[in-house]
Amino acid sequence: MNRVEDVFPESVYRCYQCATCSAVCELSPDDLPFPRRQMLLAQWGQDEKLLSDPAVWFCHFCNDCTVRCPRDARPGEVLQGIRSRIIEKQSVPRWLGRLFGTARWSWVLLLGAPLLLWLAILYAVNGLAVPDVPAGKLNYGEVVPHWLLYLVFFPLAGFVVAVTAMGASKFWTSLQGAERRRGSFLANLAPVLWEIATHRRFGKCRAASGRKWGHFWLVWGFVAALVATTLAVVALYALDHYPLELTHPFKWVGNIAAVMLVVGGLLILGERLKEDSSLGNSTAVDNFFLALVLVVVFSGVLTELGRFAFRPGLAVGIYVIHLASIFTLFLSLPYSKFAHIVYRTLAMVHERMTGIQPK
Ligand code: SF4
Ligand code: SF4
């Protein structure tokens, strides 16, 4: 694995340990302050200590520290880089972690391979035939039967759950202070989930406060999308009512989820496009994940519209892109920025179980 100073060579060595960053960070607990200590460990090349340090996950990349750092050592970006390296280190198999971790070039493969896979499957199943129906009469289930969706996505979901559990288990075991944990995991998980749901900590960020609302709407958009998918399964199997018309209440849940995801994605994209480098630069891995979410959301919206408004060939083409992007999004869970859902949550539970006092 790369050493941390290989990732941020210049900025790390500019730090002269004044501790301004730890003082201004609203999220740094008194008994486990960051990021000054992590800057020192990075300068010393103490990779193993950094990679098992729970504190790097309490950081929400607001960059209040980076803005105030008198040496432009960019501590927020350094912590972000450490988190990316931890995700890569815990990856099973490691080569997939490296592939997602080098998203600067591999995004073509990560999006292109699932697209080719879907085209090959559809060619084998129906010769890529598109129904010759007028606009509004297209049923995607006739092009991509449900059994085919299950054949592709069920094994993928099983793989993702298994490797995520393996990575999470390695991470949980590796965290410093594990011997001091007290109490039940589930009892401590509940308040952590509430904190994530309300974005209480994120709300303390000042310099890049706009990221909070983008993140908030993305998280709740994903939750709403999960509910919409469950309702679609209910409509298909319990109510025998499929495809759903646009005005159906279940469809509205999906539409609300799409709006939340679009709003969240655009808010974060707006923050990224701001040409204020003092707020810290996003990495290629961050940008790849955001781009992937936007491709999933917009291709989903166009798929829905396409059923009524586009020629069948165009609508089916967009649908296949949507399926391919969902495949990549699922697969990215243990390997990309997406994985912070698991690792940050575990670190926050660890924080409570070891008695570290969150601010
Ligand atoms: S990163 Fe900047 S603010 Fe933090 S200790 Fe180093 S020089 Fe000081
Ligand atoms: S980026 Fe924000 S949360 Fe992270 S260490 Fe800096 S001030 Fe604290």
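The values are calculated or read from the model by the stated rules, or taken from the named source; none is laboratory data. What you see is a predicted model; the values in this text were computed from it and never measured. Glycine also receives a Cβ, built like all others from the backbone with ideal geometry; neighbour counts cover every protein chain displayed.
So which of Leu116, Leu122 is farther than 14 Å from Ser332 by Cβ and either without any contact (Cβ under 8 Å) to a residue 40 or more places away in the chain or within 16 Å of ligand 2 (Cβ to nearest atom) (or both)? Before the answer, list the steps.
On the way: Leu122 fails: either without any contact (Cβ under 8 Å) to a residue 40 or more places away in the chain or within 16 Å of ligand 2 (Cβ to nearest atom) (or both).
After applying the criteria, what remains is Leu116.
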Problem set entry | Filter result for Gly317 (without any contact (Cβ under 8 Å) to a residue 12 or more places away in the chain and more than 30 Å from Phe185 (Cα to Cα)) | yes
Review point. Hey, any hits in the range 143-154 for a residue that's in a loop (DSSP other than H, G, I, E, B), touching a residue at least 12 places away in the same chain (Cβ under 8 Å) and loosely packed, with under 14 Cβ neighbours inside 10 Å?
Key: yes
Residues of the range 22-68 being buried (at least 23 other Cβ atoms within 10 Å of the Cβ), part of a loop (DSSP other than H, G, I, E, B) and more than 9 Å from ligand 2 (Cβ to nearest atom), in sequence order, are Asp53
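Looking for whichever is under 20 Å from Glu351 (Cα atoms), without any contact (Cβ under 8 Å) to a residue 24 or more places away in the chain and not hydroxyl-bearing (Ser, Thr, Tyr) here; the options are Ala23, Ala19. Which one fits?
One residue alone meets the criteria, Ala23.
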Selection from the range 69-82 of residues surrounded by 19 or more Cβ atoms within 10 Å (Cβ to Cβ) and part of a loop (DSSP other than H, G, I, E, B) yields Cys69, Ala73, Arg74
- Task: Could you please let me know if Thr303 is among the polar types (S, T, N, Q) and assigned to a helix (DSSP H, G or I)?
- Result: yes
Do we have any residue at all in the range 27-35 that's free of Cβ contacts under 8 Å to residues at least 40 places away in the same chain and not polar (S, T, N, Q)? yes
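Considering only residues that are within 16 Å of ligand 1 (Cβ to nearest atom) and under 25 Å from the mean Cα position of the chain (by Cα), which ones fall in the range 43-57?
Leu50, Asp53, Ala55, Val56
Looking only at the range 132-139, decide whether some residue is basic (Lys, Arg), over 30 Å from Trp172 (Cα atoms) and either in contact (Cβ under 8 Å) with a residue 60 or more places away in the chain or more than 16 Å from ligand 2 (Cβ to nearest atom) (or both). Break it down into steps so the answer makes sense when it comes.
Start the filter on the range 132-139 by keeping residues that are basic (Lys, Arg), which leaves 137.
Now drop any that are not over 30 Å from Trp172 (Cα atoms), which leaves 137.
Adding the requirement that they be either in contact (Cβ under 8 Å) with a residue 60 or more places away in the chain or more than 16 Å from ligand 2 (Cβ to nearest atom) (or both) leaves 137.
Looking for residues that are basic (Lys, Arg), over 30 Å from Trp172 (Cα atoms) and either in contact (Cβ under 8 Å) with a residue 60 or more places away in the chain or more than 16 Å from ligand 2 (Cβ to nearest atom) (or both), one finds at least one in the range 132-139, hence yes.
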Among the residues of the range 69-99, the number that are more than 16 Å from ligand 2 (Cβ to nearest atom), closer than 20 Å to Leu292 by Cα and touching a helix residue (DSSP H, G or I) at 6+ places or on another chain (Cβ under 6 Å) is 5
Checking Arg182, Arg200 in turn, the sole residue that is at pLDDT below 90, among the charged types (D, E, K, R) and more than 26 Å from Gly306 (Cα to Cα) turns out to be Arg200
The residue from Tyr237, Tyr242 that alone is surrounded by fewer than 21 Cβ atoms within 10 Å (Cβ to Cβ), among the aromatic types (Phe, Trp, Tyr), at pLDDT below 90 and outside any helix (DSSP H, G or I) is Tyr242
Looking across the range 58-70 at residues that are modelled with pLDDT under 90 and away from ligand 1 (no atom under 14 Å from the Cβ), the single one that is nearest to Arg180 (Cα to Cα) is His60
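Yes or no, residue by residue, for (1) in a helix (DSSP H, G or I); (2) over 26 Å from the mean Cα position of the chain (by Cα); (3) exposed (fewer than 15 other Cβ atoms within 10 Å of the Cβ):
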{"site": "Leu138", "(1), (2), (3)": "no, yes, no"}
{"site": "Gly141", "(1), (2), (3)": "yes, yes, yes"}
{"site": "Val160", "(1), (2), (3)": "yes, no, no"}
{"site": "Val163", "(1), (2), (3)": "yes, no, no"}
Within the range 60-88, the count of residues that are hydroxyl-bearing (Ser, Thr, Tyr) and under 18 Å from Ser332 (Cβ atoms) comes to 1
